[in-house]
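**Q** Quick one: the structure is below, and I'll ask about it shortly.
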Amino acid sequence: HEVTLTEPFMMGVHEVTQAQYEQVMKNNPSKFKGADHPVVMVSWTDAMEFCRRLSELPAEKAAGNVYRLPTEAEWEYACRAGTTTKFSFGDDDSELGDYAWWMWNSDDKTHPVGSEHPNAWGLYDKHGNVWEWCQDWYGEYPSGAVTDPTGPATGSGRVLRGGSWLYDARLSRSAYRFGYGHANSLSFLGFRVALSSVPSE
């Protein structure tokens, strides 16, 4: 289905790291320790609380920054970086190892963020490393064209995107999606933040 985004936004250049998470939340729940590795073992609720606390920091409040999880549509738009192929770099699965930590090159663990090639818009790890929570409830897509979608009104899980160190190439595709209960916190679940741009006065 056709999606149109009309509102500008910014997207984290990579997943939230353990160092960033610890600075805001004062704890690090991750299984695979490393300051520059993505934080894992975080539920959707944890990710939302991180965004809330980050937004409340004095410097962020002074700048008018309100952080949040990206919508699923925003996440895919940023992942694709203008492409319509299976992956942001094309259709060839054999190139995935240059852009993603996935089941055949990850050694069964996370890796430092930004250590593979970025997509055309300079965003790292949009394929692989960790699944990323999105704002939306998981559910069927609408049948017609939509503008600035935010997902279904209710659901049983939240959207995850991007694939991870544990999964195969098919699940790392730009369009692949699934839902997980918002309270789940596992070693392949992380997130990145989005920021609605603030109009200049």
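The values are calculated or read from the model by the stated rules, or taken from the named source; none is laboratory data. Note that the coordinates shown come from a computational prediction; the quantities given were computed from them, not determined experimentally. Cβ coordinates were reconstructed from backbone atoms using ideal geometry, including for glycine residues, and neighbour counts include every protein chain displayed. What goes into the accessible areas is simple: the full protein's heavy atoms, side chains included, and nothing from ligands, DNA or RNA. Shrake-Rupley method; radii C 1.70, N 1.55, O 1.52, S 1.80 Å.
**Q** Taking residue 26, is it open to solvent by 70 Å² or more (accessible area, probe 1.4 Å), at pLDDT 95 or above and closer than 17 Å to residue 129 by Cα? First the steps, then the outcome.
**A** Numbers: open to solvent by 70 Å² or more (accessible area, probe 1.4 Å): yes; at pLDDT 95 or above: yes; closer than 17 Å to residue 129 by Cα: no.
No: the conditions fail for residue 26.
**Q** Out of segment 119-156, which residues are charged (D, E, K, R) and touching a Gly at 6+ places or on another chain (Cβ under 9 Å)? Give the steps one after another, and end with the answer.
**A** Pass one, segment 119-156, residues charged (D, E, K, R): 125-126, 132, 136, 140, 148.
Scanning segment 119-156 gives 125, 126, 132, 136.
**Q** I'd like to verify a number: residues in segment 1-26 that are acidic (Asp, Glu) and without any contact (Cβ under 8 Å) to a residue 24 or more places away in the chain, how many?
**A** In the first step, residues of segment 1-26 are kept if they are acidic (Asp, Glu); the result is 2, 7, 15, 22.
If we keep only those that are without any contact (Cβ under 8 Å) to a residue 24 or more places away in the chain as well, we get 22.
Number of matching residues: 1.
**Q** For a quick check of your reading of the model, give me the residue pairs whose first member lies in segment 151-175 and is over 19 Å from residue 45 (Cβ atoms), whose second is open to solvent by less than 60 Å² (accessible area, probe 1.4 Å) and of a type in the set (Lys, Arg), with beta-carbon atoms closer than 7 Å and at least 6 apart or on different chains.
**A** 162/126; 174/80
**Q** What's the number of the condition residue 64 fails, among (1) modelled with pLDDT under 95; (2) surrounded by 19 or more Cβ atoms within 10 Å (Cβ to Cβ); (3) not basic (Lys, Arg)?
**A** Every listed condition holds for residue 64 apart from (2).
**Q** Continuing with the same structure: Any chance segment 31-42 includes a residue that's assigned to a loop (DSSP other than H, G, I, E, B), at pLDDT 95 or above and closer than 18 Å to residue 136 by Cα? It would help to see each step written out before you state the result.
**A** Restricting attention to segment 31-42, the residues satisfying the condition of being assigned to a loop (DSSP other than H, G, I, E, B) are 31-37, 39-42.
From what's left, at pLDDT 95 or above: 31-37, 39-42.
Narrowing further to those that are closer than 18 Å to residue 136 by Cα: 42.
Yes: segment 31-42 contains one or more residues that are assigned to a loop (DSSP other than H, G, I, E, B), at pLDDT 95 or above and closer than 18 Å to residue 136 by Cα.
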